[in-house]
1. Out of all the residues in region 132-167, which are under 21 Å from residue 52 (Cα atoms) and in contact (Cβ under 8 Å) with a residue 60 or more places away in the chain?
2. What tally of residues in region 89-110 results from selecting those that are over 11 Å from the mean Cα position of the chain (by Cα) and buried (at least 21 other Cβ atoms within 10 Å of the Cβ)?
3. Tell me whether region 329-343 contains one or more residues that are closer than 30 Å to residue 222 by Cα, surrounded by fewer than 20 Cβ atoms within 10 Å (Cβ to Cβ), within 20 Å of the chain's Cα centre (by Cα) and modelled with pLDDT under 90.
4. What about residue 278, is it within 30 Å of residue 140 (Cβ to Cβ), free of Cβ contacts under 8 Å to residues at least 24 places away in the same chain and crowded, with 17+ Cβ neighbours inside 10 Å?
5. Go through 237, 262, 253 for me and flag whichever is surrounded by fewer than 19 Cβ atoms within 10 Å (Cβ to Cβ) and either in a helix (DSSP H, G or I) or touching a residue at least 40 places away in the same chain (Cβ under 8 Å) (or both).
6. If a residue must be under 25 Å from residue 168 (Cα atoms) and without any contact (Cβ under 8 Å) to a residue 12 or more places away in the chain, how many such residues does region 104-131 contain?
7. Got a number for residues in region 44-94 being assigned to a helix (DSSP H, G or I) and within 30 Å of residue 377 (Cα to Cα)?
8. For region 296-324, name all the residues that are outside any helix (DSSP H, G or I) and surrounded by 18 or more Cβ atoms within 10 Å (Cβ to Cβ).
């Protein structure tokens, strides 16, 4: 027996004049649901500029592979890759949980990881090489507390800023910034861990590898993720306010300072003090605050989704029940459970309906801030797809 529907179809013709007055972007009048026809889904792209950058990343990747094979050897490098994949998988799972509300385009997520794993690492190694040639290096303490935090966070932050500039339609707010920043940090940590694990194996054998794995994969898999997420959060705030590249750069600088400070504190605790004491008294509380901040950001994103979809409901595109369903976690779960009981299991249709409605709320927000001249076209496409999905869900 199928579950009762958690939402209902519009029963009367919508009234275009019911939409809120004085908004920056007018909502088109809703047609009769019966007139809606399927609309092909167009993937959100990251822009042609990212394709060129991806080509450069391939070249840098070849150089990095040569570097690892030359100085670490194939066997140690392969073992390092296997061990580094463990904390990376944990981070990937956590980021996907954060990103469930409005998933980012898969291509941009891969690019963020690649930037961290290849470009940011290449920048860090390049600066280290230049400093070694010019001044003989900066020393362990200065290198760990000053050079590494500044150079690495700048390199990682550039990737987040590049995504904002090249793919602004897919960068809607703080949660998006945290996701992109976290993935850049995860990519960087993956490559860095390969090096640490391989060197531990070569210099100390299995015992040193176990110790290094415990410190980096068990105690601190989210360290780089948290650092760069601060930069991403700041750029995401600029996106939410509708600022351009200049404004995002300014916000990003503020976030970058926070990322550098956190990174320096982390490295300093390992170099200058009792690492485990500071880990418990400082790093764990900071990470708890980081998690709390993400939870609050997710709630704000849900609130914004409800507000924007409420405007479409006032114009007749959705019912109040649909807004409750689309803008809350329990509502979405109930809708998927209901769709599962329909003939043929229509959960894929419901997932598409939820995704399109969430993207529609984001497009509405971009239209209101005026930062996306293509928001109106995206809105029309998403509205048509949502109407078609509703018809398909209620089809006998």
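The values are calculated or read from the model by the stated rules, or taken from the named source; none is laboratory data. Source: prediction; values computed, not measured. Because the Cβ atoms are built from the backbone with ideal geometry, glycine has one as well, and the counts that use them run over all protein chains shown.
1. Looking only at region 132-167, we keep the residues that are under 21 Å from residue 52 (Cα atoms), and these are 154-167.
Those that are under 21 Å from residue 52 (Cα atoms) and in contact (Cβ under 8 Å) with a residue 60 or more places away in the chain: 154, 156, 157, 160, 161, 162, 163, 164, 165, 166, 167.
2. Summing the residues that are over 11 Å from the mean Cα position of the chain (by Cα) and buried (at least 21 other Cβ atoms within 10 Å of the Cβ) in region 89-110 gives 1.
3. Taking every residue of region 329-343 in turn, at least one turns out to be closer than 30 Å to residue 222 by Cα, surrounded by fewer than 20 Cβ atoms within 10 Å (Cβ to Cβ), within 20 Å of the chain's Cα centre (by Cα) and modelled with pLDDT under 90.
4. Spelling it out, residue 278 is indeed within 30 Å of residue 140 (Cβ to Cβ), free of Cβ contacts under 8 Å to residues at least 24 places away in the same chain and crowded, with 17+ Cβ neighbours inside 10 Å.
5. 253
6. Result for region 104-131: 2.
7. From region 44-94, those assigned to a helix (DSSP H, G or I) are 48-71, 74-94; that's our starting set.
Add one more test, that the residue is within 30 Å of residue 377 (Cα to Cα), and what stays is 48-54.
Number of matching residues: 7.
8. 315, 316, 317, 318
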